[in-house]
1. In a Gaussian network model over the chain where Cα atoms closer than 10 Å are linked, find which of Leu72, Leu123, Leu93 has the largest mean-square fluctuation.
2. When the Karplus curve 6.51 cos²θ - 1.76 cosθ + 1.60 is applied with θ = phi - 60°, which whole-Hz ³J(HN,Hα) does each residue of region 46-60 get, with x for Gly and Pro?
3. So what is the calculated 222 nm ellipticity per residue for the chain, using -39500 (n - 2.57) for each DSSP H run with n of 4 or more, over all residues, to the nearest 500 deg cm²/dmol?
4. Mind listing which trypsin sites (Lys or Arg not before Pro) in region 39-68 are in a DSSP loop and have 14 or fewer other Cβ atoms within 10 Å?
5. Before anything else, pin down the relative contact order of region 38-160: Cα pairs under 8 Å, at least 6 apart, normalised by residue count, whole percent.
6. Give me the angle, in degrees from 0 to 90, between the Cα long axis of helix 66-75 and the longest principal axis of the Cα atoms of the chain, rounded to the nearest 10.
7. Using a Gaussian network model on the chain with a 10 Å cutoff between Cα atoms, which of Lys138, Lys130, Lys116 fluctuates the most?
8. How large is the convex hull of the Cα atoms of the chain per residue, expressed in Å³ as a whole number?
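Bear in mind these aren't lab numbers, they're just calculated from the coordinates by the rules spelled out. This is a predicted model, so every value here is computed, not measured. Note that we place each Cβ from the backbone using ideal geometry, even for glycine, and neighbour counts take in every protein chain shown.
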Amino acid sequence: MLVDPKFPTTERFVSDVRAAASAMGQQIEVLYVSSDREIETAFTTLGQRGAGALLGGVGGFLFSRRERIVALAARHRIPAMYILREYVAAGGLMSYGASIADAYRQAGIYAGRILKGEKPGDLPVMLPIKFELVINLKTAKALGVQIPDRLLALADEVIE
């Protein structure tokens, strides 16, 4: 798992992933990165330890380095999953996470409600309701990963 220690929700994200891994009898290693050099070192470490997969973390720093992260995952032949579709568009294997487009739509609805006179403090807190699964078949083929037809059928988008 690759995460940015400076991002505010990192520790909660790590805690949730650790709990999920433990429930499935899996072990994870968390690699904290906050510089380009640390990203390079993390992938060297993943390669040396024979990592079977990578889960990309959240935050602006990692997002701004998504093309480099995707390229390193490909070079080290590590299947990687991310929470934003933009990683898959950059060549990553797959992503599953909240739809950013839907979040922006929801923000627009809230802005409209506020402009019509509703008090922001009276509006309910909204959690994401639309999630997207995006799969890059070209990357899967390059990694030698077979994506089951059932999973492809569930995908919101398949990049070929």
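1. Answer for the Gaussian network model of the chain: Leu123.
2. Once rounded to whole Hz, the list reads 4, x, 5, 8, x, 4, x, 6, 9, 10, x, x, 10, x, x.
3. Estimated from H runs of four or more residues: -13500 deg cm²/dmol.
4. Listed in order of number, the matching sites are Arg49.
5. Values: 157 pairs, mean separation 26.8, N = 123.
Computed value for region 38-160: 22 percent relative contact order.
6. 20 degrees
7. Most flexible of the set in this elastic network: Lys116.
8. Working: hull volume 22.2 nm³, N = 160.
Convex hull of Cα atoms, per residue: 139 Å³.
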